[in-house]
Amino acid sequence: MPKDADPKLWAQAQKIHKKAIIIDGHNDIPSPMVDEDFDLGTNSVGKFHKDGDPFHTDLARFKQSGITGEFFSIYVSGSTLKTGGAMRRAMDLIDATMREVEKHPNQLTACTTAAEIRRAKKQNKVCALMGIEGGYVIENSLYALRNFYRLGIRYMTLTHNVTHDWADAHRDEPKNNGLSDFGKEVVREMNRLGMLVDISHVSEKTMSDVLDASAAPIIASHSSARGVANHTRNVPDNILKRVAQNGGVVMINFYPAFLDEKYNSDDNDRSARLKPQIDALREQYKNDGQAFNEAERKLLAANPINVPSYTRIVDHIDHIKRVAGIDSVGIGSDYDGVPLLPQGMNGMEDLSLVTYEMLRRGYSEQDIRKVLGENFMRAFAQAENVAKINSRKISGEGSLKKIK
Ligand SMILES: [Zn+2]
């Protein structure tokens, strides 16, 4: 409980939080499962990834978080566009995630439908859902896309930070003027399957093209509002309005650099200022990544900047509520994918702070439940319906695309 919290309101928030279906749109813990043999049963509090970032996720923390459905991110780096191996990497991550479910059957269960998520809530288990991050993972094959659906993938983020053959990314040169024709075909095939299209990381034009092409609600699995923090990773107001018409959900990312412009620029300034020292440390510890991370962390701690409070998350929720309506906003933490969380949050265990802050600002229980998970549940169920209708219509037609 925050120091200045009202104990009665806090207790009320905890009650609402416990009852709610809570869906988190994005968690990057599968990468350390593969690269560092991380097991969700381990106590990860106070522990750090290989790259020096703190862990946010483990089974005990899941329990405290109240999360019902977690999207484990099958994240594949854009560097695979040069090196190859994107699909192989995705296979490794999917297997590592499913093995965690097999290892911890009393706490975790694999889910692929909205109905299964509601069932898991009754069983007091956490649903392991999966989303692909980086559309190049399908290696330009709709055959592969369909197989990923069969393996349980229920959303695909069309790009990561780099533009590829059929979709432009937020932080790269455009090559397709948004989505190429094949990109549009990918979106339609995802609609037909019931796999949600994710516009996090894509360029603004790609977002717009996706909204034109998609027959089903879309999501931004881990993006905040550009109207509050002007960052290309965030969703601009004109797109927010269209997401509302589309029935989709923008799920707020907790990363301070996406929540707060001031933090972002302070952080960039600090990196520029400390570059000579960081370079020297990198040279000094060039054979010991762990020691370098430790030293870099110490250096940054000795040069602190203001980190925004968790209440900033609710500023973004407020903004989306104002621009697009309460039905268009959700939660997409980016746990274990970001180097830090807002002030007051150590990991997923602190998620109920968001519920408390919404209650403190006068949100009704119904609206809080929408943000925490019901909006996503509605969009997901609607995407399932679109798939049911279209599977009859389109199946067998010429949407089977050969690898370009
Ligand atoms: Zn991401």
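What whole-number value in Å² describes the accessible area per residue of the chain for a 1.4 Å probe?
With the other protein chains kept in place, the chain gives 42 Å² per residue.
Counting only protein heavy atoms and a 1.4 Å probe, tell me what percentage of the chain's accessible area is made up of carbon and sulfur. Intermediate results must be reported in sequence, preceding the final value.
Details: 8250 of 17050 Å².
Accessible surface attributable to carbon and sulfur in the chain totals 48 percent.
If the limit is 29 Å between Cα atoms, which of 184/241; 121/262; 3/47; 19/205 go over it?
Listed pairs above 29 Å: 121/262; 19/205.
Cross-link candidates for residue 50: which lysines have Cα within less than 26 Å, leaving aside residues fewer than 8 places away along the same chain?
Leaving aside lysines fewer than 8 places away in the same chain, those within reach of residue 50 are 63, 82, 103, 275, 286, 298.
The values are calculated or read from the model by the stated rules, or taken from the named source; none is laboratory data. Remember, predicted model here, so these are calculated numbers, not experimental data. To get the accessible areas, we keep the full protein, side chains included, count just its heavy atoms, and leave off ligands, DNA and RNA. Shrake-Rupley method; radii C 1.70, N 1.55, O 1.52, S 1.80 Å.
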